[in-house]
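Data first, discussion second: the structure below is written as structure tokens.
The values are calculated or read from the model by the stated rules, or taken from the named source; none is laboratory data. In this text, all values refer to a predicted model and were calculated from it rather than measured experimentally. Using ideal geometry, Cβ is built from the backbone for each residue, glycine included, and neighbour counts are taken over all protein chains shown. When the accessible area is computed, the model is the full protein with side chains, heavy atoms only, and any ligands, DNA or RNA have been set aside. Shrake-Rupley method; radii C 1.70, N 1.55, O 1.52, S 1.80 Å.
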Amino acid sequence: MTAPLDPRKGQPAAAATLAQVRKPLAHDSAQKHVTGTAAYVDDVVEPVGMLHVAPGWARNAVRGKILNLDLDKARAVDGVVAVLTAADVPGINDCSPALGDDPVFADGEIQFFGQVVFAVVAETRDAARRAARLAAVEIEPITAIISPEDAVAADTTVLPDYQFRRGSPETGMTAADHILSGVMHIGGQEHFYLEGQAAFAVPQEDGGMFVHSSTQHPTEVQHTVAKVLGVPDALVTTEVRRMGGGFGGKESQANQWAAIAAIAAAHTGRPCKLRLDRDDDMIMTGKRHDFRVEWQVGHDGEGRIRAVELDFLARCGYSADLSLGVNDRTMFHADSSYFYPDAAIRSRRLKTDTVSNTAFRGFGGPQGMLAAERLIDAIAISTGKDPLEVRKINFYDAERNFTPYGMPVEEHHVLHDLIAQLEKSSGYWDRRERVRAFNAASPVLKKGLALTPVKFGISFTLKHLNQAGALVHLYTDGSIQLNHGGTEMGQGLYQKVAQVVADEFGVGLDRIRITATNTSKVPNTGPTAASSGTDLNAMAAKRAAEAIKARLIGFLSTEHQVPEDQIHFASNKVFAGEKVLTLAEVAKAAHMARIQMSHAGFYATPGITWERESATGRPFLYFAYGGACAEVTIDTMTGEMTVDRVDILHDVGHSINPAIDIGQIEGGFVQGMGWLTTEELWWDDAGRLRTHAPSTYKIPTASDIPPDFRVALYEGNGNPQDTIYRSKAVGEPPVMLANAVFCAINDAVASLKPGMIPELNAPATPEAIMKAVRGMRRAKAPQSHEPVQA
Amino acid sequence: MRETIRFLKGGEVIELSDVRPTETVLDYLRLRCRLTGTKEGCGEGDCGACTVALGRLVNGRMVYRPINSCIQLLGMIDGAELVTVEDLAADGRLHPVQQAMVDLHGSQCGFCTPGFIMTLFTLYHAEGEEKSRKTVCDWLAGNLCRCTGYRPIVDAALNACFEAAGDAFAWRANETRDKLRAIMDSRDIYINRDGFFASPATVDGLASLYAANPDATLVAGATDVGLWVTKHLADLPKIIWLGRIAGLDRVEESPAGVLMGATATYADSEAAMAGLSPALGELWRRIGSKQVRASGTIGGNIANGSPIGDTPPALIALGATLELQSKDNERTLPLEDFFLEYGKQDRKPDEFVTGVFVPRPDANQIFRCFKISKRFDQDISSVMGAFRFTVVSGTITDARIAYGGMAGTPMRAKGAETALIGAVLDNPASWGTAMKALVSDFKPLTDMRASSEYRMETARALLAKALMEASGSDPAGLNVLDHREAADDRAA
């Protein structure tokens, strides 16, 4: 019998003994993080002759024709080597992910506040930054379109409108006993990765370029650099060891900085580094999309939804970037966990003269789900029912289990079971009574409570991105080098994949050398995004390891005359029948026998069939579930708010690393909470973003997390899909656990006038809360329970 | 005179003569020393990724404080021990705070981690801190993490930072003390390189130097000037650092009040302010972060008229006076008179602030202050209200009310003050005229922190709150932070 060389065909090699997988191991770089030895792009030892690049822009222009660009003063600064503009791009002046609409350097026109017009290359970063401020850019201003409302009025979009439609919402509304409607504004969010965008490019032979980049998408950086330099992809290598945070902000938006560094390096023949300072970073790079949501829901008087109409009006910015996928995902999640018998979910991708909005953890999903929770809260308030009751009667179940885009919700029992467990463990109903009693006795401070679900679709909705590669080498000393196409941005991907590979070879993690992600080792990858990093890359790495192992088993079987099924890799040993060997001994012997000990593994997610044109098929391999219960206190005189307690129960299937998964859940929740509470992007009347540093843009600090914070993993039967060790993706879903905080604030405001629906917008800053409170106080009487036509 | 600065790093004395006036500690570490463990996250002292520890002798004891190296000028670390993340692990063993962060999964992307480690290191060495979540959150307010959600970091701090210090720094504390004593002196420092960095040792020395160089930039804590350097790329060729002037950092408490020298930091004066009024102590705690309070000074904040000032309204309401000096003159004026208009102060070219005197409220006076911001910690107020009511037999006989965020400068609400005289605490109806008067006292602006409408509404709410508290309402029923704290206490 010969060992199967391709484990995807025939019987794979013996299942691994799990010794590392499922353990709460520390992040692979934890020791380096705490000692300051983990290197980020700006920390890599600089080659001799390194130059520094700073982007230049027109500091007051929002939109306009460039009449004159005077760079003489910048060129005259001591230490300046070159000043580059669109005319200096050797290839194509574009760094967009797909549609060719993102110029590296503005050419003839400035399209948004902060658009890069030129770049200064200098001997020091300080000189480059100083010179970049000395350019004179003369502009003929054009009236800028800033808000979604402006864009609707002007009817400008970056991409065509799109909709999901099931049944007849018009008929459904007519048949409903009650109709409610409203408008909600949902703010965007700055990524605020602690490490700003950075790249450095080192010229190579034959016009090639080696690029260190802080990117979630090394392949796209490679393509972009090749495109702007006008060289084949094969001449460009991108490497990323780690990022100091990404959160989607380095998925497409890392391209431009790598491109500029590479153009500068090609122009000067010297290594060039570009690291954005914080203000430039926040002004020049895209954010989470902000939305105006127009909603209408018809229900049956018991609170059961009959029909839904949702219009998502997204501010996309000046170009398409990733707005197609983001807005599609908003639509895919506009149901949250609720069954809509008849529904129209419409999306407009509005073009505004602002920075191009982009991927951000959740990728449009959070906005869709928040809108759904607004429908539920509105129904609960107007019927006088508890919001949790209304949530539960609208959950998907065995009969009502198709989403508006036609995908079955197979694990509806997980949703029910998880929420039931959380309802109990959080003491929801007791606390509901206590909140009510508190509010009755407290004229100024009001409490709110909410328990909200998460159901998040896992897979890229752009089908071709659901693939991954890995490259595993076993060396003759028994050490293993592991490379894959996924990038490490803090989420613990490298460690999880290493745990899988270690178990495959039955060794400790000390035998595995995790190497930087590099496009010359694993080509043609997708971005590390959509929560899919582990699902895809661990599977590819496992297949690579299995293939090597299969060859070793075949070799050992022949060599020691032992049946293949009696050969095992475990406990740092290789057991071949009676024989006990070390992996090093096996590797050495296999090498002498001329056995290949390197393999490129590949994985493509099975079972996804989404066809966007016809809006049919299955976009997601599975859903990840979760639930959160939040209790807040608001001050109805100032709008200040504290989150008092949060209980979370989250479904990660069978966890590969529970410590890392808990970290993702807590971190995602707090990031979502920031989005919905303190993080406010503010543009002035001219369209200039004025919140572009942590002094004005406030992400949560340690004291903002609930003093009582209880987080647990849901213990279920694991992922019904055949994912890596039956785990589930965890990167994005927890962001939406924070909807509970927003709904709890809404609940607190609603307590001021029973029956009346607050007009609370996100983020619920003190001012937004006060605005909602004021609205409640000024209204004469609760809204009618009678049908209201929008 | 000395033409060098001297500090300790890794047990060695480092003496530098080539210090440019505005070179930052972060640039020194990363660019000159190629010590890249310390990170730049924001360049404005708001994220804490660049946190390093400065050890100084305070009353003969080693005290480590966290500072934002991105906005600290290199010359300002003269006489201190500089500790960076590279210095903590010894003989291949992690420092206890490092080990706790690894064990409790306190890092994800790791970029903010060195800054957290250094803040935790200073907490580890702090004495007399109560072991509580509140203490830890207060220490960590200046360190932003975008990955973890803080819970594991708070746990690591609770696990590692409240035992008696037993690290290498504690073992060699005596040695460090001796080395610091050896490099501290009372000579003026003057380093002439692309301009000058000067650090006079006496007030007279300062007066002469400033009189000769009225275009020089006076620096106390550099929490604002640092931003001029890193953000505005300001060319500041003449820097006079006040941090070594003997006696200028005094904090003197007396029955009459508290005198804060111009270079007393927020940290130095925190206890004295809490002694004047618990509300003032809480306000102090919410100024910036540990890092900012360790460097920032009240004198500096007032002197450069920074609009980023949450303390002036409180000090004005308390009737504080400002002391100014120049080579040939000294004068005192009410603090509110110093702020002329946005960005403009009543300070002559060669004049400098030497101190602020804050009168202690007397037995008849009730003081309250409230800071409203988008985020509770390390944020600048959208509205800041401070109130001192003099009450005789339940009737207000005098009121001093000052607001921040309602005008281009901190400003008194004169109309409301007048309208309150004669108001009765037990009769909210008698407060109405004052509440209305606020509308004509101020015309607040709309900006990224708040709208004009919200500011006005909140200003009135704060006056109402102050009166409600003065009339005996429980703060825990009126303020979410007091409520949360009361709930925490009940749970504990």
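Look at (1) buried (at least 24 other Cβ atoms within 10 Å of the Cβ); (2) out of contact with any Pro (no Cβ under 6 Å at 6 or more places or on another chain); (3) of a type in the set (Val, Ile, Thr); (4) outside the structural domain of A:Gln664 (by TED's automatic domain parsing) and you find that A:Thr452 fails only one, number (4). Can you find a residue that is of a type in the set (Asp, Glu), under 29 Å from the mean Cα position of the chain (by Cα) and assigned by TED's automatic domain parsing to the domain that holds A:Arg59 anywhere in region A:138-145? No; the residues of region A:138-145 include none that is of a type in the set (Asp, Glu), under 29 Å from the mean Cα position of the chain (by Cα) and assigned by TED's automatic domain parsing to the domain that holds A:Arg59. Among the residues of region A:731-759, those identified as within 30 Å of A:Asn537 (Cα to Cα) and either of a type in the set (Lys, Arg) or open to solvent by 10 Å² or more (accessible area, probe 1.4 Å) (or both) are A:Gly731, A:Glu732. Within region B:454-492, the residues that satisfy the criterion of being within 10 Å of chain A (Cβ to nearest Cβ), of a type in the set (S, T, N, Q) and open to solvent by 10 Å² or more (accessible area, probe 1.4 Å) are B:Ser473, B:Asn479.
Look at (1) among the polar types (S, T, N, Q); (2) part of a loop (DSSP other than H, G, I, E, B); (3) over 30 Å from A:Lys392 (Cα atoms); (4) facing chain B (nearest Cβ under 8 Å) and you find that A:Thr678 fails only one, number (3). Just one of the numbered conditions (1) within 14 Å of chain B (Cβ to nearest Cβ); (2) in contact (Cβ under 8 Å) with a residue 24 or more places away in the chain is not true of A:Thr37: (2). Flag: A:Ala266 does not match the condition of being open to solvent by less than 10 Å² (accessible area, probe 1.4 Å) and in contact with a helix residue (DSSP H, G or I) (Cβ under 7 Å, 6 or more places away or on another chain). Of the residues making up region A:23-49, those that are of a type in the set (Asp, Glu) and under 23 Å from the mean Cα position of the chain (by Cα) number 1. Of everything in region B:163-186 that's hydrophobic (A, V, I, L, M, F, W, C) and within 26 Å of B:Ala100 (Cβ to Cβ), which residue is most open to solvent (accessible area, probe 1.4 Å)? Taking the candidates together, the pick is B:Trp171.
Taking region B:9-25 as the range and being closer than 12 Å to B:Val83 by Cα and open to solvent by less than 10 Å² (accessible area, probe 1.4 Å) as the test, only B:Val25 passes. Counting only strands (runs of 3 or more DSSP E) that sit wholly inside region A:184-271, those with at least 1 residues that are closer than 24 Å to A:Gly36 by Cα and of a type in the set (D, E, K, R) are A:236-240.
If you check A:Ala686, A:Ala740, A:Ala729 for being part of a loop (DSSP other than H, G, I, E, B), more than 10 Å from chain B (Cβ to nearest Cβ) and within 22 Å of the chain's Cα centre (by Cα), only one passes: A:Ala729. The residues of region A:652-662 that are assigned to a helix (DSSP H, G or I) and either open to solvent by less than 10 Å² (accessible area, probe 1.4 Å) or more than 8 Å from chain B (Cβ to nearest Cβ) (or both), listed by number, are A:Pro658, A:Asp661. On the stretch given as region B:146-162, residues that are surrounded by fewer than 20 Cβ atoms within 10 Å (Cβ to Cβ) and in contact with a Lys or Arg (Cβ under 8 Å, 6 or more places away or on another chain) total 2.
Given the criteria in the same structural domain as A:Asp417 (by TED's automatic domain parsing) and either over 20 Å from A:Ser96 (Cα atoms) or not basic (Lys, Arg) (or both), does A:Ile263 qualify? The answer is no for A:Ile263. Here the strands (runs of 3 or more DSSP E) wholly within region A:1-95 that include at least 2 residues being modelled with pLDDT of 95 or more and open to solvent by less than 20 Å² (accessible area, probe 1.4 Å) are A:51-57, A:80-84.
Could you list, in sequence order, all residues of region A:493-523 that are within 30 Å of A:Gln204 (Cβ to Cβ) and either in the same structural domain as A:Gly364 (by TED's automatic domain parsing) or in contact with a helix residue (DSSP H, G or I) (Cβ under 6 Å, 6 or more places away or on another chain) (or both)? Once the filter is applied, which keeps residues that are within 30 Å of A:Gln204 (Cβ to Cβ) and either in the same structural domain as A:Gly364 (by TED's automatic domain parsing) or in contact with a helix residue (DSSP H, G or I) (Cβ under 6 Å, 6 or more places away or on another chain) (or both), region A:493-523 yields A:Leu493, A:Val497, A:Ala498, A:Ile512, A:Ile514, A:Thr517, A:Thr519.
Suppose we filter A:Val711, A:Val749 for residues that are farther than 30 Å from B:Glu44 by Cβ, β-branched (Val, Ile, Thr) and out of contact with any His (no Cβ under 8 Å at 6 or more places or on another chain); which single one remains? Exactly one residue qualifies, and that residue is A:Val749.
When B:Val356, B:Val392, B:Val383, B:Val424 are checked against the criterion of being farther than 30 Å from A:Asp704 by Cβ, open to solvent by less than 20 Å² (accessible area, probe 1.4 Å) and among the β-branched types (Val, Ile, Thr), a single residue qualifies: B:Val356.
Every residue, every condition in (1) touching a residue at least 24 places away in the same chain (Cβ under 8 Å); (2) open to solvent by less than 40 Å² (accessible area, probe 1.4 Å); (3) not assigned by TED's automatic domain parsing to the domain that holds A:Leu67, yes or no:
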| position | (1), (2), (3) |
| --- | --- |
| A:Phe113 | yes, yes, no |
| A:Val120 | yes, yes, no |
| A:Arg125 | yes, no, no |
| A:Arg130 | yes, no, no |
| A:Arg133 | yes, no, no |
| A:Pro148 | yes, yes, yes |
| A:Pro160 | yes, no, yes |
| A:Arg165 | yes, no, yes |
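One residue stands out among those in region B:88-106 that are small (Gly, Ala, Ser), open to solvent by 10 Å² or more (accessible area, probe 1.4 Å) and part of a loop (DSSP other than H, G, I, E, B): the one that is nearest to the other protein chains (Cβ to nearest Cβ), which is B:Ala89.
Residue by residue, here is whether (1) outside any strand (DSSP E or B); (2) under 21 Å from B:Met273 (Cα atoms) holds:
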| position | (1), (2) |
| --- | --- |
| B:Glu330 | no, no |
| B:Glu336 | yes, yes |
| B:Pro349 | yes, no |
| B:Thr354 | no, yes |
| B:Val358 | no, yes |
| B:Asp362 | yes, yes |
| B:Ile366 | no, yes |
| B:Lys371 | no, yes |
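Scanning region A:80-128 for residues that are within 23 Å of A:Val62 (Cβ to Cβ) and of a type in the set (S, T, N, Q) returns A:Thr85, A:Asn93, A:Ser96, A:Gln111, A:Gln115. Please count how many residues of region B:232-279 are within 14 Å of chain A (Cβ to nearest Cβ) and aromatic (Phe, Trp, Tyr). Residues in region B:232-279 being within 14 Å of chain A (Cβ to nearest Cβ) and aromatic (Phe, Trp, Tyr): 0 in total. Being assigned to a helix (DSSP H, G or I), within 14 Å of another protein chain (Cβ to nearest Cβ) and open to solvent by less than 10 Å² (accessible area, probe 1.4 Å) is the requirement here; does A:Val435 meet it? Taking the combined requirement at face value, the residue satisfies it. Within region B:27-40, can you find the residues that are open to solvent by less than 10 Å² (accessible area, probe 1.4 Å) and either facing another protein chain (nearest Cβ under 8 Å) or assigned to a loop (DSSP other than H, G, I, E, B) (or both)? If the condition is that a residue be open to solvent by less than 10 Å² (accessible area, probe 1.4 Å) and either facing another protein chain (nearest Cβ under 8 Å) or assigned to a loop (DSSP other than H, G, I, E, B) (or both), then B:Gly37, B:Thr38, B:Lys39 are the ones that fit.
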